[in-house]
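The values are calculated or read from the model by the stated rules, or taken from the named source; none is laboratory data. A quick note: this is a predicted structure, and the numbers were derived from the prediction, not measured. Every residue, glycine among them, receives a Cβ derived from its backbone with ideal geometry; neighbour counts consider all protein chains shown.
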Amino acid sequence: MDMRFRISILFFLVAILLPAGHSWGKDGHAIICKIAQSRLSENAGKAVEELLPEYAGNDLGSVCSWADQVKFIFHWSRPLHYIDTPDSLCNYQYSRDCKDEDGAKDRCVAGAINNYTKQLETYSQSSSSSGYNLTQALLFLSHFIGDIHQPLHVGFTSDRGGNTIDVHWYTRKTVLHHVWDDSIIDTALERIYDSNVDSLIEAIQQNITGEWADEVKSWEKCSSNQDACPDPYATEGVHAACDSAYKNVTDGSVLRDEYFLSRLPVVYLRLAQGGVRLAATLNRVLG
């Protein structure tokens, strides 16, 4: 049996048998990956198409939540979705913060982005000499660049990125982390876009070429000729967490229109930056 076909079967079974996890939610990750795929160079686009599992066709967005689903199989991957920072400092340092709960260094979302970028750098080699599963590397990298742009994935240690802060989203009881994973996007889709994700993507892309056009080149840049540069993304994330996600929220808060309408632009911006930066990273590595 062809190796890629066997890998596709595994990915398909994982996708249909396991429930989705939480980080930007399925729609958020799909939005980031669809924006990214539309910005790929010709060579990077061909490489992505070649590496995608067969059941995904040529749609990176359809498998961008795969890394959440396999947390139940690959338990070692769970700490790779987030960074815990010291409470209320509102800053991030790789050497201090990129570790798992046991203190193992480099085991955070920034370390994972560095790792899977390095794996994809071997793409030009034959699959036998690479030594990596580059399909998995692509899907992990695509997902983790999305995760690091969700502000509460660079949240505080004591509340686990807002996971222990109970709130009401209008009348529904939830936790603050879930508000940023799903609730803001879901409410925007329902109220503004007639539950059409493509319409939301189009609106964000219009801002990328319009309102944010002068900023896009700075989003794409990576310092010191690196292919991956997650640290600035994490710094932006913890600032957004402090300035927007956590601001004026306590355990038991009821979050309604004021919170939704004031935080929605932050969500749009982080989704846009995630998509642009994922494309830029893949273009550097695969293009």
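Pairs are defined by a Cβ separation below 7 Å, a sequence spacing of at least 6 or placement on different chains, a first member in the stretch 268-283 that is charged (D, E, K, R), and a second member that is modelled with pLDDT of 95 or more; the pairs so defined are ARG270/HIS149; ARG270/GLN150; ARG270/PRO151; ARG270/ALA240; ARG277/ILE145; ARG277/TRP219; ARG277/GLU220; ARG277/TYR233. Based on this model, can you work out whether ASP87 counts as in a helix (DSSP H, G or I) and either farther than 25 Å from GLY275 by Cβ or not polar (S, T, N, Q) (or both)? Spelling it out, it is not the case that ASP87 is in a helix (DSSP H, G or I) and either farther than 25 Å from GLY275 by Cβ or not polar (S, T, N, Q) (or both).
Among what's in the stretch 119-131 and is in a loop (DSSP other than H, G, I, E, B) and free of Cβ contacts under 8 Å to residues at least 24 places away in the same chain, pick the residue that is nearest to the chain's Cα centre (by Cα). Ranking the qualifying residues of the stretch 119-131, first place goes to THR122. Step by step: first the residues of the stretch 180-205, then only those that are among the polar types (S, T, N, Q) and crowded, with 16+ Cβ neighbours inside 10 Å, then the one that is farthest from the chain's Cα centre (by Cα). Which residue is that? Top of the filtered list is THR187.
Taking the conditions (1) aromatic (Phe, Trp, Tyr); (2) surrounded by 15 or more Cβ atoms within 10 Å (Cβ to Cβ); (3) at positive phi in turn, TYR170 satisfies each one other than (2). Scanning the stretch 36-86 for residues that are of a type in the set (S, T, N, Q), touching a Lys or Arg at 6+ places or on another chain (Cβ under 8 Å) and crowded, with 22+ Cβ neighbours inside 10 Å yields a single hit, SER65. When HIS153 is tested against (1) more than 17 Å from the chain's Cα centre (by Cα); (2) within 28 Å of ARG96 (Cα to Cα), only condition (1) is not met. Listed conditions (1) exposed (fewer than 13 other Cβ atoms within 10 Å of the Cβ); (2) outside any loop (DSSP other than H, G, I, E, B); (3) among the charged types (D, E, K, R); (4) in contact (Cβ under 8 Å) with a residue 24 or more places away in the chain are all met by ARG263, apart from (1).
The sole residue among ILE148, ILE73, ILE165 that is among the β-branched types (Val, Ile, Thr) and under 14 Å from the mean Cα position of the chain (by Cα) is ILE148.
Restricting the first member to the stretch 103-118 and to residues that are in contact (Cβ under 8 Å) with a residue 60 or more places away in the chain, and the second to residues that are of a type in the set (Asp, Glu) and surrounded by 24 or more Cβ atoms within 10 Å (Cβ to Cβ), the beta-carbon pairs closer than 6 Å and six or more apart or on different chains are VAL109/ASP147. Going by the structure shown, is LEU134 more than 14 Å from the chain's Cα centre (by Cα), within 18 Å of ALA279 (Cα to Cα), aliphatic (A, V, I, L, M) and surrounded by 16 or more Cβ atoms within 10 Å (Cβ to Cβ)? It is true that LEU134 is more than 14 Å from the chain's Cα centre (by Cα), within 18 Å of ALA279 (Cα to Cα), aliphatic (A, V, I, L, M) and surrounded by 16 or more Cβ atoms within 10 Å (Cβ to Cβ).
Checking the stretch 148-165 against the condition returns a match, with at least one residue being among the β-branched types (Val, Ile, Thr), surrounded by fewer than 23 Cβ atoms within 10 Å (Cβ to Cβ) and farther than 21 Å from GLU50 by Cα.
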